[in-house]
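First comes the structure, then the notes that go with it.
The values are calculated or read from the model by the stated rules, or taken from the named source; none is laboratory data. What you see is a predicted model, and the numbers here were worked out from it, not measured in a lab. Cβ placement follows ideal geometry from the backbone for every residue including glycine, while neighbour counts extend to all protein chains displayed.
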Amino acid sequence: MRSTKYLGVLGALALLLAGCANGDVESATESPADPPAVVDHCTDPLAGDPTDVNAQELAFCQAEGLTKIAGWIQEDTIDGTLASRSRVNIDPLAVEIQSYTDSGEPGARAILIRGNTFVEREGKWVQATTESDDGTMAYQATMPMRFEALLNPELRAAGTNPDLTYDVIGHETIDGDAVTVLSLQLSDDAETSNARESRLYVRDDYVVVHTETTFRVNGSNQVRATVLTTIDEPQKIINPRFENDDESGLSSESDQASDEQ
């Protein structure tokens with residue numbers, strides 16, 4: 001079974017992490033300790049039909065491009081099986097993540113809104129906190145901060161390895177949008193490396209409409225993909241604190257623990 005922690009990151013951040021290209025999720029989201037970005041504006045690295053694209057320059061443009069659209073819906077799959085569906089609204093910033101089990105049934109649901117993470121458990125919304133004794137909940141409480149950092153062009157560029165380069169391997173049309181196909185070979189050692197190759201399908205406005213990353217898992221290749229099914233449409237995401245007029249439906253983690261006993 002996929003972990004809730006993994007699904008949370010997959011659903012909310014997979015599209016964004018695809019452009020980090022540094023192999024380190026943590027460094028891409030730690031804003032206070034990040035050094036100043038070498039790139040401080042979008043250099044338009046796709047202009048002029050290049051043969052390769054610097055990962056740090058791409059990261060800046062990618063983050064900037066996402067902030068210019070109203071919102072989107074994305075689906076994340078593992079070897080073609082739906083793992084999560086996410087809705088993202090940019091202003092105000094909010095994310096709703098619906099995960100799915102291996103059998104295709106709806107699983108955990110989470111909402112990131114106003115800097116908070118709410119997780120639905122047994123029909124009740126529970127707010128995740130960094131002080132939680134549950135390691136997964138404590139991690140999920142940091143997700144809004146991480147998501148905001150990945151939408152910040154300067155921080156995004158600062159967290160991306162400037163020495164990495166994507167190869168331009170072609171041009172395609174996806175749902176009427178012309179895209180440039182980029183490939184990054186993450187390692188030449190298939191036996192020891194987890195991630196092997198990442199492909200991005202990037203529009204001219206630097207919105208990535210499709211990603212595919214190949215991983216080596218237990219000796220076999222696994223493909224994790226993200227597809228934007230809706231682009232530049234605002235998403236109505238309700239804060240669980242105010243889901244109902246008379247009652248929020250929220251319970252504390254202590255209440256949840258008591259219910260599970």
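Points worth noting:
- Taking every residue in the stretch 221-237 that is part of a strand (DSSP E or B) and surrounded by 12 or more Cβ atoms within 10 Å (Cβ to Cβ) and pairing it with any residue that is of a type in the set (Phe, Trp, Tyr) and modelled with pLDDT under 95, at least 6 positions away or on another chain, the pairs with Cβ-Cβ distances below 9 Å are 221/215; 222/215; 223/215; 224/215.
- Residue within the stretch 104-118 that is closer than 30 Å to residue 185 by Cβ and within 20 Å of the chain's Cα centre (by Cα) present: no
- Any hit, the stretch 76-88, residues being in contact with a Lys or Arg (Cβ under 6 Å, 6 or more places away or on another chain) and over 24 Å from residue 224 (Cα atoms): no
- Checked against (1) polar (S, T, N, Q); (2) in contact (Cβ under 8 Å) with a residue 40 or more places away in the chain; (3) within 16 Å of residue 226 (Cα to Cα), residue 136 passes all but a single condition, namely (3).
- Consider the stretch 57-100 and keep the residues that are among the hydrophobic types (A, V, I, L, M, F, W, C) and part of a loop (DSSP other than H, G, I, E, B). The one that is surrounded by the fewest Cβ atoms within 10 Å (Cβ to Cβ) is 70.
- The set of residues in the stretch 173-188 being under 18 Å from residue 62 (Cβ atoms) and either of a type outside the set (A, V, I, L, M) or free of Cβ contacts under 8 Å to residues at least 12 places away in the same chain (or both) consists of 177, 180, 183.
- Residue 110 among the aliphatic types (A, V, I, L, M) and within 20 Å of residue 236 (Cα to Cα): yes
- Odd one out for residue 193, checked against (1) at pLDDT below 95; (2) touching a His at 6+ places or on another chain (Cβ under 9 Å): (2)
- Enumerated strands (runs of 3 or more DSSP E) restricted to the stretch 108-213, each holding at least 3 residues that are surrounded by fewer than 20 Cβ atoms within 10 Å (Cβ to Cβ): 116-121, 165-174, 177-185, 195-202
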